[in-house]
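Working notes for the structure below.
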Amino acid sequence: MGRKTKEVMAKLKEKGVNAGANQMIEFDLIEEVAGEFGYLVEKIPYEHEALVELEKPDPEDKLKERPPIVTLMGHVDHGKTSLLDKIRHSRITAKEAGGITQHIGAYQVEFNGKKITFLDTPGHEAFTKMRARGANVTDIVILVVAADEGIKPQTVEAINHAKSAGVAIIVAINKIDKPEANPDMVKRQLLEHDLVVEDYGGDIISVPVSAKSGQGIDELLEYILLVAELLELKANPDRPAKGYIIEAKIDKGRGPVATVLVQNGTLKRGDTFTCGYTYGKVRGMFNDLGKQVKEAPPSTPVEVLGFNTIPDAGDKFYVVQNEQVAREIAEVKKVRDESTKQQAQPKKLSLEDLFKKMEEGEVKELPIVLKCDVQGSVETIDALLNKLSNPEVKINVIHKAVGAITENDVLLASASNAIIVGFHVKADKKTMKLAEQEGVEIRIHNIIYELTNEIKAAIEGMLEPEIKEEVIGRLEVRKVFKVPKVGFVAGCYVQEGYITRKSMVRVYRDNILIHEGRISSLKRFKDDVSEVKAGYECGLSIENLKDIREGDEIEAYINVEVKKTLDK
Ligand code: GDP
């Protein structure tokens, strides 16, 4: 505003706020104070310019193929860990085998001359937790289904978590060595979840494997590379690195250590970085075999030394030009997160403000996680909810299952901006707390029509309202005054209804419309008023009016928003 800091501080003090020069204050207050200096305030999300630079897309000609990042998911005991181990061991040379005890949260293997990165925390919990934090690192999900047991509840969860993340899915039908293995059963069951495997004419790849014998592992890796090629995964190795923290710990001898999964660019020893609330300088870098490396190109997981304090899993990691910028970004992030925490976490999506969000962001979808007491209710309510979809708003039940609302459901809803709808079920205290933290809305009902009515009402709010005109009053012009600079003031008598300051008016002369527009002032005697009723006189000036005469008729109207209902 070109004002001295002191002046602004003095103005704040008048309002009872003792703020220092570098203190964050709330938007409403900024607006108020700036207003008093004669400024309008516009709200734009702040990003440090260094970050804005780093988030810019790379030029097409700089992009090179990068290895796919793969996560294994599936029901407990279906063999995720065994498969991860088998893959790792099968692709390692005797020389490297010593390093295999290392676990840094991810590892890379080479197959047919190409690399594949595996995240070695299997399961959709870790996957969705990262996603809820905004870290979408996985390109391909391997859905592990035991051939003897088939699809189980956690398999379904994994399918829906992967689907809502929009990642590619390859099915590994595991334990094929077992005599009771029945891969056909698995394929049939997959159909029920809209995963149509190639044998059934679909495009989902399924591979029979055995983590025990190693059968099918090579095929699985081949397919991963095939899918990766189709996905055209690319990055620019020739720029400062950015990535995500996969895991972090305090190491007794080495201080804070964290595994960074480089997404773009190349991370180098000596690079200065910012990461969540912390920052630092890469003092040492180790690969998944514990070997010191100097560089980490895209899709590479590396253990990094040199953090000032321990970061969190899911934190974004950026290499920046110098320590000052690194510190600035980390500090701003901290202050900003703290101030939004104080202002109570904004809800990600609530039924109440759906409409507003839709208007702002033109979002026209309502993702729902549905949990019910019995399978029958799941099916019935899912069908009823889907029926509420219409061309303007799509209801998208991203996950439906029997059982209480869990922390996993909350994370999925958080990551997908969904709400959770429960029928005859509830959430325990821990889950409620997480929901509160994540800003996820949980709606619980015990009567079906109440549940569907509520969603219906929310969607109606989401539908574009129709603007309808409503005539609210009629006036007669009884006298006209010409006022210098202002123009005409019409002395009117309200014959019918009323007129408000916010009305629009039409002026008729002998039933012919001569003007239409806003009113610029509404007075009774000398005073501004907001409304004048029938039977009273008022003084009216009308914007841009060129001519008005005694005997003209004025029609006052307002525009009202009429919410559409689904039945129409
Ligand atoms: P996770 O919970 O999905 O990580 O499953 P695990 O990898 O821990 O495996 C669960 C159990 O299944 C273990 O006892 C494994 O030895 C066994 N298992 C895993 N893969 C296979 C397989 O391909 N064949 C047989 N026969 N057993 C397997």
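The values are calculated or read from the model by the stated rules, or taken from the named source; none is laboratory data. Predicted model only: the values in this text are computed from it and were never measured. Virtual Cβ from ideal backbone geometry, glycine too; neighbours counted across all protein chains shown. Calculation scope for accessible area: heavy atoms of the full protein, side chains included, ligands and nucleic acids excluded. Shrake-Rupley method; radii C 1.70, N 1.55, O 1.52, S 1.80 Å.
Details
- Flag for ILE444 being farther than 30 Å from GLU550 by Cβ, part of a strand (DSSP E or B) and open to solvent by less than 30 Å² (accessible area, probe 1.4 Å): no
- Selection of region 124-151 for residues being open to solvent by less than 10 Å² (accessible area, probe 1.4 Å), over 16 Å from PRO298 (Cβ atoms) and under 21 Å from the mean Cα position of the chain (by Cα) yields HIS124, THR128, VAL141.
- Total residues in region 114-151 satisfying the condition of being assigned to a loop (DSSP other than H, G, I, E, B) and either aliphatic (A, V, I, L, M) or within 16 Å of the ligand (Cβ to nearest atom) (or both): the figure is 11.
- Number of residues in region 290-312 that are within 13 Å of PRO256 (Cα to Cα) and assigned to a loop (DSSP other than H, G, I, E, B) equals 5.
- Qualifying residue in region 349-363 (condition: within 22 Å of ALA135 (Cβ to Cβ) and either over 19 Å from the mean Cα position of the chain (by Cα) or modelled with pLDDT of 85 or more (or both)): no
- Residue in region 6-14 that is within 28 Å of LYS333 (Cβ to Cβ) and under 25 Å from the mean Cα position of the chain (by Cα) present: no
- Filtered residue count, region 175-191, keeping only those that are free of Cβ contacts under 8 Å to residues at least 40 places away in the same chain and within 14 Å of the ligand (Cβ to nearest atom): 7
- Of everything listed in (1) in the same structural domain as LYS86 (by TED's automatic domain parsing); (2) in contact (Cβ under 8 Å) with a residue 24 or more places away in the chain, the single unmet condition for CYS275 is (1).
- Residues in region 85-113 that are under 14 Å from ASN287 (Cβ atoms), open to solvent by less than 80 Å² (accessible area, probe 1.4 Å) and assigned to a helix (DSSP H, G or I): ARG88, GLU96, GLY98, GLY99, ILE100.
Per-residue answers, yes or no, for (1) part of a strand (DSSP E or B); (2) out of contact with any Gly (no Cβ under 9 Å at 6 or more places or on another chain); (3) assigned by TED's automatic domain parsing to the domain that holds ILE173:
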site	(1), (2), (3)
ILE224	no, yes, yes
PRO237	no, no, no
ILE246	yes, no, no
THR259	yes, no, no
GLN263	yes, no, no
LEU267	yes, no, no
GLY280	yes, no, no
GLY284	yes, no, no
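- Contact annotation: residue pairs with Cβ atoms under 7 Å, 6 or more positions apart or on different chains, pairing a residue in region 414-430 that is free of Cβ contacts under 8 Å to residues at least 24 places away in the same chain with a partner that is assigned to a loop (DSSP other than H, G, I, E, B), are LYS426/ALA404; ALA427/ALA404.
- Any hit, region 197-205, residues being within 16 Å of the ligand (Cβ to nearest atom), surrounded by 14 or more Cβ atoms within 10 Å (Cβ to Cβ) and modelled with pLDDT of 95 or more: no
- Restricting region 152-174 to residues that are within 13 Å of the ligand (Cβ to nearest atom) and open to solvent by 50 Å² or more (accessible area, probe 1.4 Å), the residue that is farthest from the chain's Cα centre (by Cα): LYS152
This table checks each residue for (1) open to solvent by 10 Å² or more (accessible area, probe 1.4 Å); (2) under 30 Å from ASP177 (Cβ atoms); (3) in contact with a strand residue (DSSP E or B) (Cβ under 9 Å, 6 or more places away or on another chain).
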| position | (1), (2), (3) |
| --- | --- |
| ASP218 | yes, yes, yes |
| LEU225 | yes, yes, yes |
| ASN236 | no, no, yes |
| PRO240 | yes, no, yes |
| GLY243 | no, no, yes |
| GLU247 | yes, no, yes |
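- Out of VAL494, VAL483, VAL505, one residue alone is over 30 Å from VAL393 (Cα atoms), in contact with a Ser or Thr (Cβ under 9 Å, 6 or more places away or on another chain) and open to solvent by less than 60 Å² (accessible area, probe 1.4 Å). It is VAL483.
- Considering each residue of region 414-428 in turn, none proves to be touching a Pro at 6+ places or on another chain (Cβ under 8 Å) and over 25 Å from LYS364 (Cβ atoms).
- Search result, residues across region 67-98 that are more than 8 Å from the ligand (Cβ to nearest atom) and among the acidic types (Asp, Glu): GLU96
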